[in-house]
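Asker: Could you have a look at this structure, given as structure tokens, before my questions?
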Amino acid sequence: MGLFDIFKSKPKTGNTERPKGIDKETSRLAEAISKRAQNYDRQEALDGLAKIGTTEAAAALLRRFTFQIEPSITDQEEKETAFRSIVGIGDKALPAIRDFCVKAEGLTWPLRMMRELVDEEVYVAEVIALLSKWDTEYDRNADPKVQLVSTLEEHKDARIREAVERFLEDVHEPTRFHAVSTLLAQDDADLAGPLAKAFVREEAVRTQNRIADGLALRSWPLPEDVRASFSSRARAYTVDAEGVVHKR
């Protein structure tokens with residue numbers, strides 16, 4: 001059971017014992033981080049958990065990112081408060097953020113938190129570790145996977161190619177599209193071969209165009225064994241004698 005699960009689970013009938021390691025005040029305040037609670041009760045809970053400043057308090061604060069309320073301006077203000085509070089907890093918040101990311105339906109907020117708390121090298125490692133938990137098969141909600149892949153587009157790191165290249169064969173087209181963009185951003189000419197092969201098997205026009213445009217822009221020469229198959233499908237592009245892609 002992860003930290004976040006502690007606050008989601010319900011006690012058994014007649015059992016009033018708190019989960020091990022969670023103090024009474026954190027448990028009380030965590031209950032108020034609910035869509036059904038009054039605004040002032042949630043705000044009191046956010047402020048109180050920020051003062052407690054433990055890993056468990058961070059896990060409780062993360063509950064605020066699992067629902068929306070109206071009006072939207074209040075929703076945004078409460079989430080900004082929770083965000084600042086979690087970042088203020090510092091390194092002790094990281095285990096809670098990692099646990100939350102594994103099960104969250106969206107990663108925008110927790111990835112922002114993590115980026116505030118660690119340097120770039122560690123951040124890339126954290127994102128790659130989260131991405132490693134995903135496969136290339138169908139998933140009901142692939143949005144977190146897309147977010148992780150696209151987040152790596154903002155960074156150049158030798159570890160990214162190995163982490164992302166397999167998603168060129170993902171069943172989910174948006175994941176493939178963002179995998180292409182992330183790999184192109186690495187400025188590694190050795191990726192011309194894998195990208196050209198992905199182009200040949202790709203069915204989505206926008207992903208094909210993203211590959212071809214990216215290869216043409218960078219003038220990465222294609223390996224000889226893929227030039228013919230690439231040319232046969234790339235009607236809007238040509239491949240010269242050196243294997244460089246050009247737009248017609």
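Derivation of every value follows stated rules applied to the coordinates shown; laboratory data play no part. Quick caveat: nothing in here was measured; it's all calculated off a predicted structure. Cβ coordinates were reconstructed from backbone atoms using ideal geometry, including for glycine residues, and neighbour counts include every protein chain displayed.
Asker: Taking R140 as the residue in question, decide whether it is among the basic types (K, R) and over 15 Å from the mean Cα position of the chain (by Cα).
Answerer: Numbers: among the basic types (K, R): yes; over 15 Å from the mean Cα position of the chain (by Cα): yes.
In short, yes.
Asker: In addition: Within the stretch 103-120, identify whether any single residue is under 20 Å from A163 (Cβ atoms), of a type in the set (A, V, I, L, M) and part of a helix (DSSP H, G or I), and answer yes or no.
Answerer: Looking for residues that are under 20 Å from A163 (Cβ atoms), of a type in the set (A, V, I, L, M) and part of a helix (DSSP H, G or I), one finds at least one in the stretch 103-120, hence yes.
Asker: Now for a separate question. Among the residues of the stretch 64-99 satisfying the criterion of being surrounded by 22 or more Cβ atoms within 10 Å (Cβ to Cβ) and not small (G, A, S), which is nearest to A37 (Cα to Cα)? Give the derivation first.
Answerer: Pass one, the stretch 64-99, residues surrounded by 22 or more Cβ atoms within 10 Å (Cβ to Cβ): 64-65, 82, 85-86, 89, 93, 96-97.
This time we only want the ones that are not small (G, A, S), so: 64-65, 86, 89, 97.
Details: R64: 11, F65: 14, I86: 20, I89: 24, I97: 23 Å.
Among them, the one singled out is R64.
Asker: Residues of the stretch 201-248 being of a type in the set (A, V, I, L, M) and over 18 Å from H178 (Cβ atoms), which ones? Give the derivation first.
Answerer: Residues of the stretch 201-248 that are of a type in the set (A, V, I, L, M), as a first pass: 204-205, 211-212, 215-217, 222, 226, 228, 234, 236, 239, 241, 244-245.
Passing the criteria: A216, L222, V226, A228, A234, A236, V239, A241, V244, V245.
Asker: Continuing with this model, one more query. If only one of A104, A96 is of a type in the set (A, V, I, L, M) and in contact with a Ser or Thr (Cβ under 7 Å, 6 or more places away or on another chain), which one is it?
Answerer: On the way: A104 fails: in contact with a Ser or Thr (Cβ under 7 Å, 6 or more places away or on another chain).
Among A104, A96, only A96 is of a type in the set (A, V, I, L, M) and in contact with a Ser or Thr (Cβ under 7 Å, 6 or more places away or on another chain).
Asker: Considering each of L152, L191 in turn, give the residue that is part of a helix (DSSP H, G or I) and closer than 23 Å to G243 by Cα.
Answerer: On the way: L152 fails: closer than 23 Å to G243 by Cα.
Going through L152, L191 in turn, the sole match is L191.
Asker: Which ones in the stretch 22-35 are loosely packed, with under 13 Cβ neighbours inside 10 Å and under 28 Å from the mean Cα position of the chain (by Cα)?
Answerer: K35
Asker: Still on this structure, please answer the following. With A198, A179, A216 as the choices, which residue is part of a helix (DSSP H, G or I) and farther than 30 Å from V122 by Cα? Talk me through it step by step, then tell me what you get.
Answerer: Numbers: A198 fails: farther than 30 Å from V122 by Cα; A179 fails: farther than 30 Å from V122 by Cα.
Answer to the selection: A216.
Asker: Within the stretch 201-213, can you find the residues that are in a helix (DSSP H, G or I) and either farther than 25 Å from D139 by Cα or not charged (D, E, K, R) (or both)? Full working, then the answer.
Answerer: Going through the stretch 201-213, the residues in a helix (DSSP H, G or I) turn out to be 201, 205-213.
Those that are in a helix (DSSP H, G or I) and either farther than 25 Å from D139 by Cα or not charged (D, E, K, R) (or both): V205, T207, Q208, N209, I211, A212, D213.
Asker: If you don't mind, another one. Here is a check on your reading of the model: is S181 loosely packed, with under 14 Cβ neighbours inside 10 Å and either among the aliphatic types (A, V, I, L, M) or on the phi < 0 side of the Ramachandran plot (or both)? Before you say what the answer is, go through the steps one by one.
Answerer: On the way: loosely packed, with under 14 Cβ neighbours inside 10 Å: no; either among the aliphatic types (A, V, I, L, M) or on the phi < 0 side of the Ramachandran plot (or both): yes.
Against the criterion (loosely packed, with under 14 Cβ neighbours inside 10 Å and either among the aliphatic types (A, V, I, L, M) or on the phi < 0 side of the Ramachandran plot (or both)), S181 does not qualify.
Asker: Still on this structure, I have one more. Go through the stretch 228-243 residue by residue and tally those that are touching a residue at least 12 places away in the same chain (Cβ under 8 Å) and under 15 Å from A192 (Cβ atoms).
Answerer: Going through the stretch 228-243 one residue at a time, the tally reaches 7.
Asker: Do we find that V102 is within 25 Å of A59 (Cβ to Cβ), surrounded by fewer than 17 Cβ atoms within 10 Å (Cβ to Cβ) and over 13 Å from the mean Cα position of the chain (by Cα) in this structure? Before the answer, list the steps.
Answerer: Values: within 25 Å of A59 (Cβ to Cβ): yes; surrounded by fewer than 17 Cβ atoms within 10 Å (Cβ to Cβ): yes; over 13 Å from the mean Cα position of the chain (by Cα): no.
The answer is no for V102.
Asker: Please state which of the following conditions P174 fails to meet, knowing it meets all the rest: (1) surrounded by fewer than 16 Cβ atoms within 10 Å (Cβ to Cβ); (2) without any contact (Cβ under 8 Å) to a residue 60 or more places away in the chain.
Answerer: Going through the list (1) surrounded by fewer than 16 Cβ atoms within 10 Å (Cβ to Cβ); (2) without any contact (Cβ under 8 Å) to a residue 60 or more places away in the chain, P174 breaks only (1).
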